[in-house]
Amino acid sequence: MYISQNYSYAILRPIQQYILSQGGEVRWFLEGDEVDPDYLSSKELRIAYIDDVISWSPDAVFVPGNVVPPFIPGVKVGVFHGFNSGKRDDVRGHFDIRGFFDLYCTQGPNTTEEFQKLATKHGFFKVVETGWSNLDPMYRVIESNPYVTQEDTRPTILFCSTFTPKLSCADTVFETVKSLSEKGNWRWLVQFHPKMESRIVEKYKGIQGPNLQFIETDNVIPLLRAADVMLCDTSSVLIMFLLLDRPVVTFRNRSPSEHLINITEVNDIEEAIRLALSKPDKTMSAIQEYGSQVHPYSDGLSSVRVVEATNNLIDQGISDLKRKPLNIFRKFKIRKKLGYWKF
């Protein structure tokens, strides 16, 4: 499990759980200083040095990111760090092919089709639609949720925002969120991308109280399940919330559509949330149609399909794939970041 961000733990743990249930072994490698080793449980095994990863010689490397050291043994499997939210143009965003992976495990028809076209074009990777492992726990019954309380029956609004400055609404809507939380009509949960500017994080931490809670976590699933409506911008987390058949109010979303209640002015936030809480028929129908294209799997078994696709690739081998691009500059950057110069 090759990770560089805290949110990657939740993406890969369902895969780990299935591998271990089948008698396999799992090790974690944490790249860089943006991933916190304290999120590892006492039973999860970490390999601290690349030399030791190579010596362990994994059969497969699972990566919720865009790059992976090619000198690590095993087939390289891309499992994505989020959905295609439209934050960037396709060529620079979700469909950016960096030339490191042997297999992409896609989330649903609207991404599988494009990746299959790219696989045909490039020839050095394969594509299997599996669903997204990160969502497996979302479809399972949980006994308790730390963000749900029987004593507080008010509607719960989850506010999430991307860290990308041009797309983030966190700073713009701060005063409105503060004002609405002070009214006390709704319970607010606030969670941001770990790369969010610290200045903005501290502003929201400063308005915590009986009606608003700021949460830092490596697992957003319990938050999603606790909320009735989400307020967001163009963060991919909104897609996860839509897959629960719950409405999202977006502020200046980059790709507004019928499955979103999109607004462009802060003065419209309260009215839009009230509309979302009413679950208008047209919006809910659009959400269901959108979900069937983005992620049609609600069985909680995407991680099983990922492992099965990986095992099939291992068994078949990759000799029928074309040679990957040289990627000299990107490979140099990886080695420099890791301080690894053995060949």
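Derivation of every value follows stated rules applied to the coordinates shown; laboratory data play no part. Given the structure is predicted, the values throughout are model-derived calculations rather than measurements. Every residue, glycine among them, receives a Cβ derived from its backbone with ideal geometry; neighbour counts consider all protein chains shown.
Working note: Karplus 6.51/-1.76/1.60 with θ = phi - 60° gives region 39-44 the couplings 6, 5, 7, 5, 8, 8 Hz, where Gly and Pro are set to x. Close amide H contacts of Val127 (hydrogens built in the peptide plane, cut-off under 5 Å, sequence separation of 5 or more or a different chain): Tyr104.
For region 242-251, 3J(HN,Hα) computed residue by residue from phi via the Karplus equation (6.51, -1.76, 1.60; θ = phi - 60°) reads 4, 6, 8, 6, 10, x, 10, 9, 10, 10 Hz, glycine and proline entered as x. Relative to its residue count, region 1-96 spans a Cα convex hull of 110 Å³ per residue.
In straight-distance terms, cross-link reach from Lys178 covers every one of the lysines whose alpha-carbon lies under 16 Å from its own, apart from those fewer than eight places away in the same chain; here that gives Lys203, Lys205. Look at Glu289, Glu143 and count the other Cβ atoms within 10 Å of each Cβ; fewest to most, that gives Glu143, Glu289. A convex hull fitted to the Cα coordinates of region 163-268 yields 103 cubic angstrom per residue. Pairs Lys43/Lys76; Lys76/Lys126; Lys76/Lys195; Lys76/Lys322; Lys121/Lys336; Lys126/Lys324: which exceed 19 Å Cα-Cα? As for pairs spanning more than 19 Å Cα to Cα, those are Lys43/Lys76; Lys76/Lys195; Lys121/Lys336.
Summing Cβ point charges (Lys, Arg +1; Asp, Glu -1) relative to the Cα centre of the chain gives a dipole of roughly 1180 debye. Using the Karplus relation 6.51 cos²θ - 1.76 cosθ + 1.60 with θ = phi - 60°, the per-residue 3J(HN,Hα) values for region 138-149 come to 5, 9, 10, 6, 10, 6, 8, 10, x, 9, 10, 10 Hz, with x marking Gly and Pro.
Taking the helices alone, the chain has a mean residue ellipticity at 222 nm of -10000 deg cm²/dmol, built from -39,500 (n - 2.57) per DSSP H run of at least 4 residues and averaged over all its residues. Can you give the angle from 0 to 90° between the axis of helix 302-316 and the longest principal axis of the chain, with both taken from C-alpha atoms, to the nearest 10? On a 0 to 90 degree scale, this one is about 20. Using only side-chain charges placed at the Cβ, +1 for Lys and Arg and -1 for Asp and Glu, the dipole size of region 145-294 relative to its Cα centre rounds to 140 debye.
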